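Before any comments, here is the structure.
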Amino acid sequence: MKRILIIDDEETIVHFLTRLINMLRCEVLSATDGEKAKEVIKSGRFDLIFLDIRIPGINSYELFNMLDDETKKKVVVFSGDTLSPEIFEFVKKNNLRLLKKPATIEEIKELIDSI
């Protein structure tokens, strides 16, 4: 079973993604701030991590830098602010995938199917 982590401070997005990913028969964990995300990440390996850039507590850049190299490869930046030069540079520098909010159900399914 695929194990997926959602890190996003918008509870409606967490709820939507959780329901969708559960329907795809994956295990889902979530965190709505950086501190909780740090703890959840310690719970084991993930096949995919949806990472919103703007979260309270430990910011996403710090959180990303705490990850080991293998886990970093599992990160998909999930943001509504895809035009920000800062976000664009972060995605490019770290060779990450970027999924723009709001994502379609089909985009999310394709992403999960690809792992």
Charged-residue dipole, Cβ positions (Lys, Arg, Asp, Glu), the chain about Cα centre, Debye nearest 20:
340
Gaussian network model of the chain, springs between alpha carbon atoms under 10 Å - residue of I55, I21, I105 with greatest fluctuation:
I105
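Over region 1-83, calculate the relative contact order: mean separation of alpha carbon pairs under 8 Å at least 6 apart, over the residue count, as a percent. Walk me through the numbers on the way to the answer.
Values: 133 pairs, mean separation 26.6, N = 83.
Relative contact order, region 1-83: 32 percent.
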Efficiency by 1/(1 + (r/R0)^6): what FRET value for T82 and H15, r their Cβ-Cβ distance, R0 = 22 Å, to the nearest 0.05?
0.50
Options [x] 21, 16, 14; [y] 31, 17, 10; [z] 19, 16, 14 are given for semi-axes √(5λ) of the Cα gyration tensor in Å, and the computed one is [z]
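Using a 10 Å cut-off on Cβ atoms, rank the peptides 45-54, 67-76 from the highest mean neighbour count down. Working shown, then result.
Numbers: 45-54: 19.6, 67-76: 14.3.
Ranked by mean Cβ neighbours within 10 Å, highest first: 45-54, 67-76.
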Among S30, I87, L48, the residue whose Cα sits farthest towards the positive end of the charge dipole of the chain (+1 at Cβ of Lys and Arg, -1 at Cβ of Asp and Glu, taken about the Cα centre) is L48
Pairs of Cα atoms under 8 Å, at least six residues apart: use those to get the relative contact order of region 39-115, whole percent.
30
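Here, each number is a calculation from the coordinates, and none is a lab measurement. What you are looking at is a predicted structure, and each value in this text was computed from that prediction instead of being measured. Reconstructed Cβ throughout: ideal geometry from the backbone, glycine too, with neighbour counts over all protein chains shown.
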